[in-house]
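Trainee: Below you will find the structure I want to go over with you.
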Amino acid sequence: MPVETIVDRTSQIDDTKRESQVNPAPLAFGAFAGTTFLLSWVNAGMVGEVSIDAAVSTAWIFGGTIQILVAFWHLRNNELFPAVTFGSFGSFWCSFALFSTLYLDNIPPAEHGVVTALFLFPWAVFSLYMLVGALRVSIGIVIAFVGVEVTLISLIIGNATGVEAYVRVGGWAGVALAAVVWYLAAAEVINHQFKRHLLPIGDLTR
């Protein structure tokens, strides 16, 4: 067999592999957005705190487990940033579910706010340096991480000080964040299906 033919066939196989490689990010985006919306709707004061159970139950599977699985998928594709992002936020939601169901009830109610603020603080630090990394991904991801940071800082201040207004601000910031991440999920799916950039995300990788 001529060398040229072997090279051509190898090139075709590589092209087929690249074309068949599916981006799992929309699945994680949807998981993050849906769970964030449920919790933020409670924090915004739109429903009673008893409704937090809806967010907790969603956090176990959709917000937590799904994002962690997607993170491993990205690791397999040698994609560091989305792997770290989804693996960490998936772990956040699983930790939040554990924190809410197994730990929070065991501490005095007067300390709930301070403990919650302490729980959220490391995630604000994580989101800050990931925001810097997002500057080489897309404008959409940058906006999302800004939203994460605003949400977390507002909730940390609100819970630490007991000022309900900050929690409400964090709730509405979280609702806006969920909308942004839903847009990112929709953009990835729709652009992939139509093979065109119908919904822009502001690529910063070039």
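Just so it is clear, none of the values below were taken in a lab; they were calculated from the coordinates. All of these numbers come straight from a predicted model, not from anything done at the bench. Virtual Cβ from ideal backbone geometry, glycine too; neighbours counted across all protein chains shown.
Trainee: Compute the acute angle (0 to 90°) between the alpha-carbon long axis of helix 80-98 and the principal axis of greatest extent of the alpha-carbon atoms of the chain; round to the nearest 10°.
Mentor: With rounding to tens, the tilt is 30 degrees.
Trainee: Ranked highest first by average number of other Cβ atoms within 10 Å, how do 77-84, 104-111, 190-197, 43-50 line up?
Mentor: Values: 77-84: 14.8, 104-111: 9.5, 190-197: 11.1, 43-50: 13.2.
Per-residue mean Cβ counts within 10 Å order the peptides as 77-84, 43-50, 190-197, 104-111.
Trainee: On average over all directions, what projected area in square nanometres does the chain have, based on the convex hull of its Cα atoms?
Mentor: On the way: hull surface 53.5 nm².
Approximately 13.4 nm², given one-decimal rounding.
Trainee: Quick one: what does P(r) look like for region 41-157 with 10 Å bins over all Cα pairs, in whole %?
Mentor: 13, 39, 36, 11, 1
Trainee: Net charge near Leu39: determine it from the other residues with C-beta under 15 Å of the C-beta of Leu39, scoring Lys and Arg +1 and Asp and Glu -1.
Mentor: On the way: positive: Arg168; negative: Glu49, Asp53.
Net charge in that neighbourhood comes out at -1.
Trainee: What does the charge dipole of the chain about its Cα centre add up to, to the nearest 20 debye, if the Cβ of each Lys and Arg holds +1 and the Cβ of each Asp and Glu holds -1?
Mentor: Working: 9 positive and 14 negative charges, 73 e Å.
I would put it at about 360 debye.
Trainee: Hey, can you grab everything whose amide H is under 5 Å from the amide H of Ser138? Only 5+ residues off in sequence or another chain; H modelled, so Pro and N-termini drop out.
Mentor: The answer is Leu204.
Trainee: Quick check: the angle from helix 112-134's long axis to the longest principal axis of the chain, C-alpha only, nearest 10 degrees?
Mentor: Result, in degrees: 30.
Trainee: Over region 137-206, what lengths in whole Å, largest first, do the semi-axes of the equivalent ellipsoid take, defined as the square roots of 5 times the eigenvalues of the alpha-carbon gyration tensor? Each step should come with its number before you reach the end.
Mentor: Working: eigenvalues 198, 28, 7 Å².
Computed over region 137-206, the values are 32, 12, 6 Å.
Trainee: Given the options Phe99, Leu177, Val47, identify the residue whose Cα lies farthest towards the positive end of the charge dipole of the chain (+1 on Cβ of Lys, Arg; -1 on Cβ of Asp, Glu).
Mentor: Leu177
Trainee: From the helices alone, meaning DSSP H stretches of at least four residues, give me the mean residue ellipticity at 222 nm for the chain, per-run term -39500 (n - 2.57), in deg cm²/dmol to the nearest 500.
Mentor: Details: 8 runs with 150 residues, N = 206.
So the helix-based figure for the chain works out to -25000 deg cm²/dmol.
Trainee: Still on this structure: Would you mind pulling out the separation of the Cα centroids of region 107-151 and region 72-95, in Å?
Mentor: 16 Å
Trainee: Below 8 Å, C-alpha to C-alpha, sequence gap of six or more: please give me the relative contact order for region 25-194 in percent. Walk me through the numbers on the way to the answer.
Mentor: Details: 231 pairs, mean separation 53.5, N = 170.
For region 25-194, the relative contact order is 31 percent.
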